[in-house]
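Where a number appears in this text, it was derived from the coordinates with a stated rule and is not lab data. In this text the structure is predicted, and so the values were computed from the model without any measurement. Here Cβ is always computed from backbone atoms with ideal geometry, including for glycine, and neighbour counts include all displayed protein chains.
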Ligand code: GLN
């Protein structure tokens, strides 16, 4: 029985200083980022925060070096250097079938993280409802809170991660401003199907709402699963903010270059918000990003094949030691049910894993509005060298199922 969508999460992470603004009192620091620090403290293999431990392609690094030798040391146009906006529009056409005018529809941001926050700040009025499928990437919770949105969480059921059609319909009300989608999905690995996206698009159109869609893992899908941009369905081009970035596709998460493609009026609003938040993303790295966006098809095929191998390596390892796991169709995370090992909750298990086994993961509750819903899960991340994953597999063998 699918649970009904709920209201805003009851986060209780107060900073004991009355000078701190209320809006900050409703969300914690990122657990994902914290786990990277915990991993370092315990000298553990970091399978927590999503970033590669291998080098980016030579060509993008060479392009960045060349850009640093060029005249790109000052601010770019605040909403993005022209070569990058042109490349974004060309790539969106080539891979997604999205028509974007580089002048009217493209806003370059400091990573897709800023694009999502900027999108929310640009469209949400306090009290507007924003539908978020759950489990969800932890940023969307604070994004909703900071923008004043009332988050309506919509369960995706373990282990299929299917959306309940009735619950989806019920989640859309006259107060719905937007749905925040993430496909391929972090943490579940779900790749939304055309029929699911169609159902969502119909509701968005019917309610005059928007879709804000984070497609950062678009090139990381398995078994021929096609990534579909909801902006290409029906009239959705006029109702969708499509977010992406160079971080995951080109293995440069520290460069902080992302973007949004949006209808002109919403792009105009986002340009304002983005300008006053950050002015712009690093100019030379935008120029290098423009080069990367032109990589040949073989680059993307090889990227997906590399990640398929890594997925299988970690998935087999997790299964063979006794986890219950779902096999992701996209992105580079595996949600695992740790309960066969007999720990009280996700934090107790995570603590044991990092201290005794030497592997850092993210506690499942970080992906749920009600922490209780995520207690039996942890998230493993496999953007790691094969040798790192093999070492992790060897360490996992030390785990003992509860008697
Ligand atoms: N998306 C990545 C994750 O879930 C991390 C991104 C980030 O830390 N900014 O781990």
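Exposure proxy for 207, 37, 239, 379: other Cβ atoms within 10 Å of each Cβ, ordered fewest to most, give 37, 207, 239, 379. The modelled label-to-label distance between residue 355 and residue 19, using points 7 Å beyond Cα along the C-beta direction, is 3.5 nm. Residue-normalised convex hull volume from the C-alpha trace of region 76-189: 127 Å³ per residue. Would you mind pulling out the separation of the Cα centroids of region 361-400 and region 175-197, in Å? Here the answer is 22 Å between Cα centres. Which percent, nearest 5, of DSSP beta bridges in the chain are antiparallel? Taking every DSSP beta bridge within the chain, about 50 percent pair in antiparallel fashion. Listed by Cβ neighbour count within 10 Å, with the fewest neighbours leading, 236, 306, 120 appear as 306, 236, 120. Label reach from residue 125 (point 7 Å along Cα→C-beta): in region 189-223, amide nitrogens under 20 Å belong to 204-212. Computed on region 20-160, with alpha-carbon pairs under 8 angstrom and 6+ residues apart, the relative contact order is 20 percent.
Maximal additional length on extending the residue 308-residue 205 stretch stands at 33.6 nm, based on 0.36 nm per residue less the C-alpha distance.
With a Förster radius of 45 Å applied to the beta-carbon distance between residue 82 and residue 403, the computed FRET efficiency rounds to 0.10.
When the square roots of the Cα gyration tensor eigenvalues are ordered a ≥ b ≥ c, the ratio a/c for region 223-291 is 1.5 or more and a/b does not exceed b/c, which makes its shape oblate. Ordering 220, 212 from the fewest to the most neighbouring beta carbons within 10 Å gives 220, 212. Across the chain, the relative contact order, built from alpha-carbon pairs under 8 Å that are at least six residues apart, equals 24 percent.
Largest first, the extents of the alpha carbon coordinates of the chain on the three principal axes equal 62, 50, 48 Å. Centre-to-centre, using Cα atoms only, region 292-352 and region 9-55 are separated by 21 Å. Among beta bridges from DSSP that stay inside region 104-227, the antiparallel ones total about 10%. Using 0.36 nm per residue and subtracting the Cα-Cα separation, the extra length available between residue 103 and residue 238 on full extension is 47.0 nm.
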